[in-house]
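S.K.: Sharing a structure with you now.
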Amino acid sequence: MIQSQAKISGIGTYLPQQRLTNADLEQLVDTSDEWIVPRTGIRERRVSAPDEWTSHLAINAVNNLLERYPVTLDEVDLVLVATVTPDTTFPSVACLVQDHFGLQGTGAVDLSAACAGFVYALHVANGMITSGLHRKILVIAAETLTKITDYTDRSTCILLGDGAGAAMVEACPPEEASFIQTLMTTDGSAGVHLYKSDLATHLQGKEIIKNGCMIQNGREVFKIAVGTLTREIPHLLEQAEHTLSQIDWFIPHSANLRIVDAICERLKFPQEKTLFSAEYFGNTSSASIPLALQMGLDEGKVKRGDLLLLSGFGGGFVHMSSLIRWTI
C-alpha cells in the first residue's frame, strides 16, 4: 500500500431523539425482548422524526464534530457522504450538506456501499488526499433506515435504526498518518440476499419484492458476513505485517451481536476488545462504525496511539477492512 499522507483529525455523531424499544416492537409484531436480545443484542433503536431526513442527521453529526474538536470547515475541498437512504436520489445528501454550511469551492458526492460505507468513504478520502488531489475532506455516514423498514417483517424490523457520524480527514506528513492498510472485496452474486427495491422488478434473474423497503435473507447475510470477515481480516493483517494480538480495538459493522460474536470466536479475538453500537442504537448501516468508535472514545476506551481495525460489510455484497492508528 502507498504510504498514506492523510489523518483523521476529528469525529462527531448524531442520533435522533425518539427511541424504539423492544417493548414498543411487541406492540407492532409478534416478538418479545426475550426473543430479540439473545439473537441480536439489540434493546433499543433511534428513529428519525417524520420530517427528519438523512441530510438533517448528517448536518447534526458535522456540528457535533465541530463542537468536539478544534477543526473548521475552512478549505474543505470535498464532501463525501456514505448513505443508502438519501433524502432524494438527486440532489445528493452531500450537496445538501454543502449548501447548509455554505462551503465554497468544494466537490460533493454520495457513496453507496451499504453498511461498509463509512470505511469505504475513509478509504476514498485517504486515496484522494494521499494522491495530492485534495487536502481536506469531510466524510459523513448517515442513515434513516427506519424510513425504509417494513414493520410487518418481524425478522428485519427488530434490527434497524437511524444515526450519523462525521469525520474530518486532512493532509499530513507520512509520520502522522492514520491509515496503515486497507482490504476490500466484493461478491456481487449475493446481492439478491439483501436489497431495497427501486426501478427493477428482477435482480440477478429473480423476481424481487417491490415495496421500497429493505429486504434481507438473514441466514445468508449471517453466513456471508462471518465467512467473509474471518477469511479476509487475516489477509489484511498479513499485508500490513501486523497480528491480531496488536489490535487494541476491533470495530466491525454492528449488524447484530450474533454476527460479531461469531467473527470474534472464529478469529479467536477477545470480545471485550470489540466495540458494538447496536445495543441501544440498532443496526444503523454505514453509521454503525463511527457510532461505536464514538462510544469507545466517550467511555475512555479508545486512546491516542491505539491500533483500530474497522470492518464494514453489507449489501452488494461489499466488504472493506481498514487498519488505522488513532492519532487524536
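S.K.: How much net charge surrounds ILE158 when only other residues with a Cβ under 15 Å from its Cβ are counted (Lys, Arg +1; Asp, Glu -1)?
M.R.: Around ILE158, the charge tally is -3.
S.K.: Read phi for every residue in the range 30-37 and hand back ³J(HN,Hα) as whole Hz from Karplus 6.51 cos²θ - 1.76 cosθ + 1.60, θ = phi - 60°, with x for Gly and Pro.
M.R.: 7, 7, 7, 4, 5, 8, 6, 4
S.K.: Can you tally the lysine pairs in the range 157-291 where the Cα-Cα distance is under 28 Å and the two residues are eight or more apart, or on different chains?
M.R.: Here the count comes out as 7.
S.K.: Something else: Using all C-alpha to C-alpha distances in the range 65-158, build P(r) with 10 Å bins and read off the rounded percent in each one.
M.R.: 16, 41, 30, 10, 3
S.K.: What nm distance separates the two modelled labels at PHE222 and LEU199, each placed 7 Å from Cα along Cα→Cβ?
M.R.: 3.6 nm
S.K.: Using a simple charge model, +1 on the beta-carbon of Lys and Arg, -1 on the beta-carbon of Asp and Glu, nothing else, what dipole does the chain show about its Cα centre, in debye to the nearest 20?
M.R.: 520 debye
S.K.: Starting from the Cα gyration tensor of the range 143-213, multiply each eigenvalue by 5, take the square root, and state the resulting semi-axes largest first in whole Å.
M.R.: Ellipsoid semi-axes (Å, largest first): 35, 19, 11.
S.K.: I would also like to ask the following. How large are Rg and Dmax for the chain when calculated on the C-alpha trace, in angstrom?
M.R.: For the chain, the Cα radius of gyration and maximum Cα-Cα distance read 18.6, 56 Å.
S.K.: Right, next: log10 I(q)/I(0), Debye, Cα-only the range 185-328, no solvent, q = 0.13, 0.14, 0.16, 0.18 Å⁻¹?
M.R.: Debye output, listed in q order: -0.60, -0.68, -0.85, -1.03.
S.K.: Once both labels are modelled 7 Å past Cα along the beta-carbon direction, what's the SER189-THR89 spacing in nm?
M.R.: Distance between the two pseudo-spin positions: 3.0 nm.
S.K.: How big is the gap, in Å, between the Cα center of the range 95-172 and the Cα center of the range 237-252?
M.R.: Each part reduced to its Cα centre gives a spacing of 24 Å.
S.K.: Using a 1.4 angstrom probe, figure out how much accessible area the range 178-258 has per residue, in square angstrom, rounded to the nearest whole.
M.R.: With the other protein chains kept in place, the range 178-258 gives 52 Å² per residue.
S.K.: Taking the alpha-carbon set of the range 165-258, what are its Rg and Dmax in Å?
M.R.: Both quantities, over Cα of the range 165-258: 18.0, 52 Å.
S.K.: To check you understand DSSP bridge types, tell me what percent of the beta bridges within the chain (both residues inside) are antiparallel, rounded to 5.
M.R.: Antiparallel bridges make up about 70 percent of those DSSP assigns within the chain.
S.K.: How would you order 2-13, 269-280 from highest to lowest mean count of nearby Cβ atoms within 10 Å?
M.R.: Answer by packing, highest mean first, reads 2-13, 269-280.
The values are calculated or read from the model by the stated rules, or taken from the named source; none is laboratory data. Computed from a predicted model, the values in this text were never measured in an experiment. Every residue, glycine as well, gets a Cβ built from its backbone with ideal geometry; the counts of neighbours run over all protein chains shown. Accessible surface is based on the protein model in full, side chains and every heavy atom, while ligands, DNA and RNA are left aside. Shrake-Rupley method; radii C 1.70, N 1.55, O 1.52, S 1.80 Å.
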